[in-house]
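Visitor: Take this structure, written in C-alpha cells, and hold onto it; I'll ask about it next.
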Amino acid sequence: MAKESRARATTLWVRTPTARYPVWVGSGLLAQSGQRIKSLRPGCRRVFVISSPRVWRHWGAKLAPGLRAAGIRAEALLMDDREQAKRLATVEGLAEKLLARGADRGALLVALGGGVVGDVAGYLAASYMRGVEYVQVPTTLVAQVDSALGGKTGVNLRGGKNLLGAFHHPLAVLADVRTLDTLPAREYRAGLYEVVKCAVLGDAALFRFLQRNMASVLARRPQALRRALARALRVKARIVGRDEREHGERRLLNLGHTFGHALETLSGYRNLRHGEAVGWGILAATQLSHRLGLLPERDARRILRVVASVGRLPALPRAKPERVYAQLFADKKKAGKELRFVLPRRIGRAEVIEGVPRGDVLAVLRDLGPQ
Ligand SMILES: NC(=O)c1ccc[n+]([C@@H]2O[C@H](COP(=O)([O-])OP(=O)(O)OC[C@H]3O[C@@H](n4cnc5c(N)ncnc54)[C@H](O)[C@@H]3O)[C@@H](O)[C@H]2O)c1
Ligand SMILES: [Zn+2]
C-alpha cells in the first residue's frame, strides 16, 4: 500500500540561489509524511504542527500516525485561520507556546492548513529564534498550487495584506491531494483559477489538459488533479528558481492579481475568495491584452472559455470602474510599486506591460460587469 502510494507521488525540485527543496505531489502522502521528513532530517524525533481546529479535525488523524510511523512525535498548536487572524499577534501567541514547550533553534515546524496557516507558520519559522525550519503541508488548492511554494511568508497590517513578512523557504512541501476531499466546493474552485493562471502564463500543454479534462479536475479525480497540480507547480518552481525575490520574472505569477487584489479589497474580503478575484483578474487581463492588440482573438477566447468552465464567478463588488482603477493605484503605491499589468501574449506566455492607458483599463472594467 505504502509502495503503491509512493509510486503515485511526483517529486519536483525548487532550486534558488539560497535554497533547494523537494515538492512532493500525490495522493495519500500524509501517511508517508514521517518517512519523507526523515529522508531530509534523519535525526528528527519531534515536530510542532501549526494548524487550525478545522483542518486538524479533518486531517490531524492522518498526519500524526504518518509521522509516528517514522518515530516522530507531533505536537499540535492550533490557531484561528480566518484572514482577520493573519496578524502579528497570532505569530506572537504561537511563539510563546513554542517557547513554553521547549522548542529551541533546532525545532521543526509543520504547517498543516491553507494559505493563512502556511503564511503565519512560515513567518513564525522565519522569526522564531531568528529562524527555524518548517515543512509546508498545504490542504487547500490555493495553498497547494501557490502559497506553499516560493518562500513568501507574512501577515497583514490594518492598512493592507501581507505587508509584514519575510522570505523563508520551507524544507519541503508535501501536497497530498486527498486533503482536498474535505474542502468546500467553493474553496476548491477558487484554487482552480490559480491553476488556470499557471497554464496561461507558462504552460500551453497544461492549458490544453485543462481544456480537455476540466470535468475530471472538477470531480477531484486524484489522477487528473495530481497531473494538473504538478504541472502548475512546475511553472511556479521554474520561475521562482530564476527570480527568487521578485525583481523580474516572478512578477509574471501575478497574472490576474493586479485586478484581483483591487477587487478583493473592494469586496471587503467578504464576497470574493482570493482565487475568485484572480479568476476575474484573468478575465480582465485577457480582455485588456486583446484590446491593446497584444493577444490574438483566438487565444483570448480560449482563455475566457477555460475560466468559464471552472464555474460561475460570484458577482463583482459594486464599484464604478474609476473606483476600481483608483484602487489598483492605491494597492501598488502602498507596496512602493508601479502600476504594471501582467498580460497574456499567447497561451503559455505572459509579459509585464507598463504604461497601459487609463482609458483602456476603464473600458475593460466597464465591460467586465455590474457597477
Ligand atoms: N505566500 C504566498 O505566496 C501566498 C500565495 C497565495 C495566497 N497566499 C495567502 O493565502 C491565504 C489564502 O489561503 P487559502 O485560499 O488557502 O485560504 P484559507 O487558508 O483561508 O483557508 C480557507 C478555508 O478552508 C479551510 N480549510 C483548509 N483546508 C481545508 C481542508 N482540507 N478541508 C476543509 N477545510 C479546509 C480553512 O479552515 C479556511 O476556513 C491568503 O491570506 C493569501 O494572502 C499566500
Ligand atoms: Zn494568488
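Visitor: Expressed as a whole percentage, what fraction of the accessible surface of the chain belongs to carbon and sulfur atoms when a 1.4 Å probe is rolled over the protein heavy atoms?
Guide: The nonpolar share, carbon plus sulfur, comes to 49 percent.
Visitor: Starting from the Cα of K337, draw a straight line to each of the lysines and keep only those under 18 Å, dropping any in the same chain fewer than 8 residues away.
Guide: K152, K161
Visitor: Additional query: State the Cα centre-to-centre distance between the range 209-261 and the range 288-323 in whole Å.
Guide: 18 Å
Visitor: Just to be sure I understand: of the beta bridges DSSP finds with both ends in the range 86-186, what percent are antiparallel, rounded to 5?
Guide: Close to 40 percent.
Visitor: Percentage of Cα-Cα pair distances in the range 180-229 greater than 15 Å, rounded to whole percent? Before the final figure, lay out each step's value.
Guide: Details: 481 of 1225 pairs.
Counting every Cα pair in the range 180-229, those more than 15 Å apart make up 39 percent.
Visitor: Return the percentage of antiparallel bridges among DSSP beta bridges fully within the chain, rounded to the nearest 5 %.
Guide: Around 40 percent antiparallel, to the nearest 5.
Visitor: Another question about this same structure. Could you give the length gained by full extension between R186 and R45, i.e. 0.36 nm per residue of separation minus their alpha carbon distance, to one decimal place?
Guide: 47.0 nm
Visitor: Could you tell me the accessible area of R221 in Å² (1.4 Å probe, neighbours in place), rounded to the nearest ten?
Guide: My reading of the accessible area for R221 is about 130 Å².
Visitor: Sticking with this structure for a sec: Provide Rg over Rh for the range 210-281; use the alpha carbon set for both Rg and the Kirkwood Rh (inverse mean inverse pair distance).
Guide: 1.05
Visitor: Roughly how many Å is it from the Cα centre of the range 71-131 to that of the range 17-46, as a whole number?
Guide: That distance is 18 Å.
Visitor: If you rank T11, T140, T286 by how much accessible surface each has, with a 1.4 Å probe, what is the order from largest down? Intermediate values should be presented prior to the final figure.
Guide: Numbers: T11 70, T140 25, T286 0 Å².
The residues order as T11, T140, T286, largest area first.
Visitor: On to the next question. Just to verify a number: what accessible area does R323 come out at with the full protein assembly present, 1.4 Å probe, Å² rounded to tens?
Guide: 120 Å²
Visitor: Moving on to the next point. Within the range 19-83, which chymotrypsin sites (Phe, Trp or Tyr not before Pro) sit in a loop by DSSP and count at most 12 neighbouring Cβ atoms inside 10 Å? Could the numbers behind the result be given before it?
Guide: Values: sites: W24, F48, W56, W59; in loops: none.
Of the chymotrypsin sites (Phe, Trp or Tyr not before Pro), not one in the loops of the range 19-83 has a Cβ with at most 12 other Cβ atoms within 10 Å.
Visitor: Follow-up question, since we're still on this one. In square angstrom, what is the accessible area per residue of the range 172-243 with a 1.4 angstrom probe?
Guide: Result: 36 Å² per residue.
Visitor: Another one. State the answer as a single residue: which of P17, I37, V117 lies farthest towards the positive end of the charge dipole of the range 1-126, with beta carbon charges of +1 for Lys and Arg and -1 for Asp and Glu, about the Cα centre.
Guide: Ranked along the dipole, the leading option is I37.
Visitor: Kirkwood Rh and Cα-based Rg: tell me the resulting Rg over Rh for the range 26-65, rounded to two decimals.
Guide: Numbers: Rg = 11.0 Å, Rh = 11.1 Å.
Expressed as Rg/Rh, it is 0.99.
Visitor: What FRET efficiency, computed as 1/(1 + (r/R0)^6) with R0 = 30 Å and r the Cβ-Cβ distance, is obtained for R220 and D104, rounded to the nearest 0.05? Don't skip to the answer; put the middle values down first.
Guide: On the way: r = 40 Å, r/R0 = 1.34.
Taking R0 as 30 Å, the efficiency between R220 and D104 is 0.15.
Visitor: Here's something else I'd like to know. Report D for the range 33-160 in µm² per second (integer): Stokes-Einstein, Kirkwood Rh on Cα pairs, 37 °C, 0.692 mPa s.
Guide: Rounded, D is 227 µm²/s.
Visitor: Also, I was wondering about something else. Give the residue from G60, H274, L339 lying farthest towards the positive end of the charge dipole for the chain; charges sit on Cβ (+1 for Lys and Arg, -1 for Asp and Glu) and the dipole is referred to the Cα centre.
Guide: G60
Visitor: I would also like to ask the following. How large is the dipole of the chain about the Cα centre if only Lys and Arg carry +1 and Asp and Glu carry -1, each at its Cβ, rounded to the nearest 20 debye?
Guide: Charge dipole, the chain, about its Cα centre: 740 debye, nearest 20.
Visitor: Would you check the accessible area of E92, probe 1.4 Å, heavy atoms only, in square angstrom rounded to 10?
Guide: Accessible surface of E92 is approximately 110 Å².
Visitor: Among P222, H257, A284, which residue has its Cα furthest toward the positive end of the charge dipole of the range 199-289, with +1 on Lys/Arg Cβ and -1 on Asp/Glu Cβ?
Guide: Final value for the positive-end residue is P222.
Visitor: Need the list of aspartates and glutamates near K320 for cross-linking: C-alpha distance under 20 angstrom, and skip anything on the same chain fewer than eight residues off.
Guide: Hits, sequence-local ones excluded: E264, E276, D331, D360, D367.
Visitor: Out of residues 5 or more away from A350 or on other chains, whose amide H comes under 5 Å of its own, with H placed 1.01 Å from N in the peptide plane?
Guide: R345
Visitor: Any chance you could run the full-extension gain for E322 through R73? It's 0.36 nm times the residue separation minus the Cα-Cα distance, nm to one decimal.
Guide: Contour length minus Cα-Cα distance gives 84.2 nm.
Visitor: Set the Förster radius R0 to 22 Å, insert the Cβ-Cβ distance between L292 and R312 as r into 1/(1 + (r/R0)^6), and round the FRET efficiency to 0.05.
Guide: 0.20
Visitor: Also: Could you calculate the contour length gain from L362 to R82, that is, 0.36 nm times the residue separation minus the distance between their Cα atoms, to one decimal place in nm?
Guide: Between L362 and R82, full extension yields an extra 97.5 nm.
Visitor: Still on this structure, please answer the following. Once the Cβ-Cβ distance between T11 and R270 is put in as r, and R0 is 45 Å, what FRET efficiency do you end up with, to the nearest 0.05?
Guide: The pair T11/R270 has a calculated efficiency of 0.70.
Visitor: Using heavy-atom solvent-accessible surface (probe 1.4 Å) with all chains present, what is the largest-first order of D360, D104?
Guide: I get D104, D360, largest accessible area first.
Visitor: Calculate, axis by axis, the spread of Cα positions in the chain along the three principal axes, and write the results as whole Å, longest axis first.
Guide: Rounded to whole Å, the extents work out to 61, 43, 37 Å.
The values are calculated or read from the model by the stated rules, or taken from the named source; none is laboratory data. Just so we're clear, the structure is a prediction, and the values are computed from it rather than from any experiment. All Cβ positions, even for glycine, are placed from backbone atoms using ideal geometry, and neighbour counts span all protein chains on display. For the accessible areas, the whole protein counts, side chains as well, though only heavy atoms, and no ligand, DNA or RNA atoms are used. Shrake-Rupley method; radii C 1.70, N 1.55, O 1.52, S 1.80 Å.
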